[in-house]
Every structure is written in structure tokens, then in C-alpha cells.
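Below: the structure, in C-alpha cells.
Readers should treat all values here as calculations from the given coordinates under stated rules, not as data from a laboratory. Note that this is a predicted model, so its numbers are computed, not measured. Counting neighbours? That spans all protein chains shown, and the Cβs are built from the backbone with ideal geometry, glycine included.
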Amino acid sequence: MARIRRTVHPTDFSPASGPAFKKALEVAKDNKATLLIVHVLPTLPMIGDAFIPPATIDEMLRAQQAQAQKTMERLVSRARSAGVRVSGFVLDNGAVADAIVRFAKRQKADLIVSGTHGHGILARALLGSVAERVMSKAPCPVMVVRGK
């Protein structure tokens, strides 16, 4: 395997992503690699035919962005404290798996370390798994770490 210079860790900030974050830190530290943490903002849920004023939607998006940035800063700080070169990225709403794959390609990632919630087969069949979709489209190897 080629030297790992850039490790991408996609996160949804859930407790299930914690073990993958720890593994991504370990891989980055062991390889003296840069850790790129990425969070894709989820699409805001729509409420049927209800009208939501544009100003309200903008306010919700700003709040979502601010919260994500704050959480990202905590992860970046933890990685720096562990002695890892790190950058954090919060990406706009979109198809999560596709956004992660595009990000990894742009950053020339050598490895993606992703968590999985480990939902059962029915949930995967109905919803699909972001980790599975990333694995199928990724430009580099993907390490999947099961959540708690």
C-alpha cells in the first residue's frame, strides 16, 4: 500500500462516528498524514405542503451551519491536541455520499475512514448506507469502522 498522506474522515457528529474518528486519528498520526474531517449538512426536512417563509428557512440553515461549525471546531481541536495536522470542512446540503466522494477526489485522499451505524438489513435496504455508497464510488480505499 502506498504511503498515506491525506486521510478523510466523514462524520455526522453522532456517537456512532466516534470510533471512526479515533481510528482516523490513529491512522493519520501513525502515517504523519493530514487528517481532513468533513461534515455534509443534512437537507432540511420539508413538511408536506406547508409554506415556510424564505426568511425562516434561511435562519434555520444559518443555525444548522453554525452548530455544525462549532462541533467541527471541537473535533479539529481534539485532533490537534493529539498531535495531528488537521483541517475541518462543513459542506452545504447535498447527497451525503456523493459529496464525500467528490471531496475525497478534490483533496486527493489516500484513505477514507468512515463510521457506520450498523443498522439492520431492512434499514439498509430501505435507506441505503452512506458508508456503502461511499465505498462503491470512492477514489481510494475506504476503511469502515462500526459504531457502538
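Would you mind stating whether A33 is in contact with a strand residue (DSSP E or B) (Cβ under 7 Å, 6 or more places away or on another chain), of a type outside the set (D, E) and farther than 17 Å from V101 by Cα?
Details: in contact with a strand residue (DSSP E or B) (Cβ under 7 Å, 6 or more places away or on another chain): yes; of a type outside the set (D, E): yes; farther than 17 Å from V101 by Cα: yes.
So A33 passes the test.
Note down all Cβ pairs under 9 Å where the first residue falls in region 31-43 and is closer than 17 Å to A104 by Cβ and in contact (Cβ under 8 Å) with a residue 12 or more places away in the chain, the second is crowded, with 18+ Cβ neighbours inside 10 Å and of a type in the set (K, R), and they're at least six residues apart or on different chains.
Once the first residue is closer than 17 Å to A104 by Cβ and in contact (Cβ under 8 Å) with a residue 12 or more places away in the chain and sits in region 31-43, its partners that are crowded, with 18+ Cβ neighbours inside 10 Å and of a type in the set (K, R) give A33/R6; T34/R6; L35/R6; L36/R6.
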